[in-house]
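A.B. asks: Structure in structure tokens, see below.
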Amino acid sequence: MVLSPGFGMPRFTLTALAVDLASRGYVVASLDHAYESSGTSVPGGPALTCVACTIMEESGGTKAPVVTAVRAADTRFVLDRLTGPRPAWRYAGTIDRERIGMAGHSIGGASAATAMAGDRRIDAGVNMDGTFWDALPSDGLGGRPFMLLGADEYHRPGAGDTSWDSTWAGLSGPRHWLTVDGADHLGFTDAPVLLGHFGIPGGTLATERAVAVTRTYVAAFFDAYLRDEDQPLLDGPDPSNPEVRFHRP
């Protein structure tokens, strides 16, 4: 399982999700994308700054497709190093090379689709509240499953982010479009936990619910499509998760 954080954010911002997936038996690789977050340390080298942050600001965000392309390349590199003939990790033998998923937040979620489009090794993907910056190939993602999981205010069908509508139409495999009432953009990361710890207000969705909903539905999606386990939770609204809305435009 590969996790990609939001732009300018370090990998630890997806720790709650990573820990939960690992507890379910998944091998999880959380990525720090070089020069996209401040303070990323490299063994034997200096701490890297967020060079991309300056470039994005100066370009008015028009360089976002470059970011998703670079993140897709980062993902390919990590998979090569973990599943290649000479893996960099001593426990790489525990990785099932036939069942690889990728999830990301914000531009990390958009990068999941971009990475899947260029790498058939990734079998399923999740975009958590990220605007898509790249058009899908003509065959979508080749029939592979994908889930859109976002804040209801901006990511329900026909809302502010029309990239979800166009991407949804281009998906050719199993697809799920879920939004969470009361969640804000950072509600799918560790931000609710961190903000709550310091008494800083966040979204209207309670911290424990924000964490639980993200963990529950991401895990259900990957269990369904990587482990072939029946997941009724993905069939429609569930009374134990009243914040989650299903869309099938």
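A.B. asks: Suppose we filter Arg76, Arg24, Arg71 for residues that are more than 22 Å from His185 (Cβ to Cβ), touching a residue at least 60 places away in the same chain (Cβ under 8 Å) and of a type in the set (Lys, Arg); which single one remains?
C.D. replies: Numbers: Arg76 fails: touching a residue at least 60 places away in the same chain (Cβ under 8 Å); Arg71 fails: more than 22 Å from His185 (Cβ to Cβ).
Result of the check over Arg76, Arg24, Arg71: Arg24.
A.B. asks: In the stretch 179-204, what count of residues is obtained for those that are farther than 18 Å from Asp20 by Cα, surrounded by fewer than 21 Cβ atoms within 10 Å (Cβ to Cβ) and not small (Gly, Ala, Ser)?
C.D. replies: Adding up the residues that qualify gives 9.
A.B. asks: Determine if the stretch 206-219 includes at least one residue that is under 20 Å from Val2 (Cα atoms) and either more than 21 Å from the chain's Cα centre (by Cα) or of a type in the set (Gly, Ala, Ser) (or both).
C.D. replies: yes
A.B. asks: For Asp32, indicate whether it is surrounded by 13 or more Cβ atoms within 10 Å (Cβ to Cβ), in contact (Cβ under 8 Å) with a residue 12 or more places away in the chain and among the acidic types (Asp, Glu).
C.D. replies: yes
A.B. asks: Can you find a residue in the stretch 161-177 that is under 23 Å from Asp20 (Cα atoms) and open to solvent by less than 50 Å² (accessible area, probe 1.4 Å)?
C.D. replies: Looking through the stretch 161-177, at least one residue is under 23 Å from Asp20 (Cα atoms) and open to solvent by less than 50 Å² (accessible area, probe 1.4 Å).
For (1) of a type in the set (Lys, Arg); (2) under 30 Å from Gly93 (Cβ atoms); (3) outside any loop (DSSP other than H, G, I, E, B), each residue gets a yes or a no:
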site	(1), (2), (3)
Met9	no, no, no
Ala18	no, yes, yes
Val27	no, yes, no
Tyr35	no, no, no
Pro43	no, yes, no
Glu58	no, no, yes
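A.B. asks: Restricting to the stretch 225-249, give me the number of residues that are free of Cβ contacts under 8 Å to residues at least 60 places away in the same chain and open to solvent by less than 70 Å² (accessible area, probe 1.4 Å).
C.D. replies: The number of residues fulfilling the criteria is 6.
A.B. asks: Do we have any residue at all in the stretch 101-120 that's part of a helix (DSSP H, G or I), out of contact with any strand residue (DSSP E or B) (no Cβ under 6 Å at 6 or more places or on another chain) and surrounded by fewer than 22 Cβ atoms within 10 Å (Cβ to Cβ)?
C.D. replies: Scanning the stretch 101-120 turns up at least one residue that is part of a helix (DSSP H, G or I), out of contact with any strand residue (DSSP E or B) (no Cβ under 6 Å at 6 or more places or on another chain) and surrounded by fewer than 22 Cβ atoms within 10 Å (Cβ to Cβ).
A.B. asks: For residues that are among the β-branched types (Val, Ile, Thr) and within 17 Å of Met9 (Cβ to Cβ), scanning just the stretch 52-69, find the one that is surrounded by the fewest Cβ atoms within 10 Å (Cβ to Cβ). Give the derivation first.
C.D. replies: Here is the first cut: in the stretch 52-69, the residues among the β-branched types (Val, Ile, Thr) are 54-55, 62, 66-68.
Next cut, within 17 Å of Met9 (Cβ to Cβ) only: 54-55, 67-68.
Details: Thr54: 11, Ile55: 15, Val67: 22, Thr68: 26.
Result: Thr54.
Conditions tested, residue by residue: (1) in a strand (DSSP E or B); (2) in contact (Cβ under 8 Å) with a residue 12 or more places away in the chain.
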position: Thr131; (1), (2): no, yes
position: Ala135; (1), (2): no, yes
position: Gly142; (1), (2): no, yes
position: Leu148; (1), (2): yes, yes
position: Ala159; (1), (2): no, no
position: Ser166; (1), (2): no, yes
position: Trp177; (1), (2): yes, yes
position: Ala183; (1), (2): no, yes
position: Gly187; (1), (2): no, yes
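A.B. asks: State which residue pairs qualify: first residue free of Cβ contacts under 8 Å to residues at least 40 places away in the same chain and inside the stretch 86-115, second residue open to solvent by 70 Å² or more (accessible area, probe 1.4 Å) and outside any loop (DSSP other than H, G, I, E, B) in any location, beta carbons under 7 Å apart, and separation of 6 or more residues or different chains.
C.D. replies: Note: pairs meeting the criteria are Pro87/Arg81; Ala88/Arg81.
A.B. asks: In the stretch 132-149, what residues are open to solvent by 20 Å² or more (accessible area, probe 1.4 Å), among the hydrophobic types (A, V, I, L, M, F, W, C) and over 15 Å from the mean Cα position of the chain (by Cα)?
C.D. replies: Passing the criteria: Ala135, Leu136.
A.B. asks: Still on this structure, please answer the following. Can you tell me how many residues within the stretch 30-77 are over 27 Å from Ala124 (Cα atoms) and hydrophobic (A, V, I, L, M, F, W, C)?
C.D. replies: Residues flagged as over 27 Å from Ala124 (Cα atoms) and hydrophobic (A, V, I, L, M, F, W, C) within the stretch 30-77 amount to 9.
The values are calculated or read from the model by the stated rules, or taken from the named source; none is laboratory data. Small disclaimer: the values here were computed from a predicted structure and weren't measured. For neighbour counting, all protein chains shown are included, and Cβ atoms are generated from backbone atoms with ideal geometry for every residue, glycine included. Protein only, heavy atoms only, side chains kept; ligands, DNA and RNA dropped before computing areas. Shrake-Rupley method; radii C 1.70, N 1.55, O 1.52, S 1.80 Å.
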